[in-house]
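For reference, the structure discussed in these notes is given below.
The values are calculated or read from the model by the stated rules, or taken from the named source; none is laboratory data. Just so it is clear, the structure is predicted and the values come from calculations on it, not from any experiment. Neighbour counts are summed over all protein chains in view; Cβ atoms, including those assigned to glycine, are modelled from backbone coordinates with ideal geometry.
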Amino acid sequence: MPDIALFPSASHVLPEGKLEITITEHRYQRMLKESIEGQRDFALCMRSEEEENDETITRIPAIATKVRVVDFNALDNGLLSIVVEGKTKIRILSVRHERDRLLIADYLPFRAWPPTPLTAKHQCLVEKLKLFFATMPEIGALYPISEFDDLSWVCQRWIESLPLEVHYKQLLIAQDSPALTARFLLKLLDNHQLFDDDIN
């Protein structure tokens with residue numbers, strides 16, 4: 001059974017999504033080096049609200065995203081900033097710490113959402129997402145090529161961006177398709193809550 005390094009994060013990325021993260025600790029520098037050298041992949045996992053310390057974390061939400069590095073930049077403070085792109089979802093089976101407290105998981109692949117044509121009733125979700133990207137240019141800049149005609153792509157970008165509790169996000173991404181997420185987003189839009197920071 002394959003294993004994978006885990007990077008617990010309060011920010012989330014799903015397949016075809018992108019996220020900029022800063023590598024600050026030696027264990028994550030090792031994780032990155034091993035990934036670049038092809039020794040072991042790594043995945044971003046959602047941090048449970050009750051888990052605050054990476055070094056003692058034991059409870060990891062079941063679904064994570066295997067990623068690859070698509071860009072990197074050395075910061076003035078000597079740290080490294082990288083941009084990762086989500087590749088596939090995985091289901092975490094068990095976790096353990098290595099000697100330097102890097103979190104390692106046994107895992108299995110998890111089903112991906114199929115490409116889903118956008119219908120007229122979902123066009124409002126696209127327009128709101130474009131507006132969100134325009135008001136958050138640091139996020140919008142990560143997507144010079146966007147797939148606004150694919151409901152799966154649009155819904156996954158919304159899941160990444162909305163301030164939902166982790167267990168709600170896990171429920172949505174565990175579905176076989178974006179249908180439940182689309183209904184949820186349309187309901188938020190009807191209630192004028194699609195940009196409400198208090199959604200949880």
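Brief remarks follow.
- Criterion: hydrophobic (A, V, I, L, M, F, W, C), within 22 Å of Tyr168 (Cβ to Cβ) and modelled with pLDDT under 95 - qualifying residue of Ile36, Ile63, Ile57: Ile57
- Residue match in the range 159-169 (condition: in contact with an Asp or Glu (Cβ under 9 Å, 6 or more places away or on another chain), closer than 15 Å to Glu16 by Cα and either modelled with pLDDT under 95 or among the hydroxyl-bearing types (Ser, Thr, Tyr) (or both)): no
- Scanning the range 3-36 for residues that are acidic (Asp, Glu) and in contact (Cβ under 8 Å) with a residue 60 or more places away in the chain turns up Asp3, Glu16, Glu20.
- The sole residue among Ala179, Ala105 that is small (Gly, Ala, Ser), surrounded by 15 or more Cβ atoms within 10 Å (Cβ to Cβ) and either closer than 25 Å to Leu6 by Cα or modelled with pLDDT of 95 or more (or both) is Ala105.
- Within the range 170-197, residues that are over 19 Å from His12 (Cα atoms) have Cβ atoms under 9 Å from residues that are of a type in the set (Val, Ile, Thr) and at pLDDT below 95 in these pairs: Leu188/Ile199; Gln193/Ile199, counting only partners at least 6 apart in sequence or on another chain.
- Search result, residues across the range 136-161 that are touching a Leu at 6+ places or on another chain (Cβ under 9 Å), assigned to a helix (DSSP H, G or I) and of a type in the set (S, T, N, Q): Gln156, Ser161
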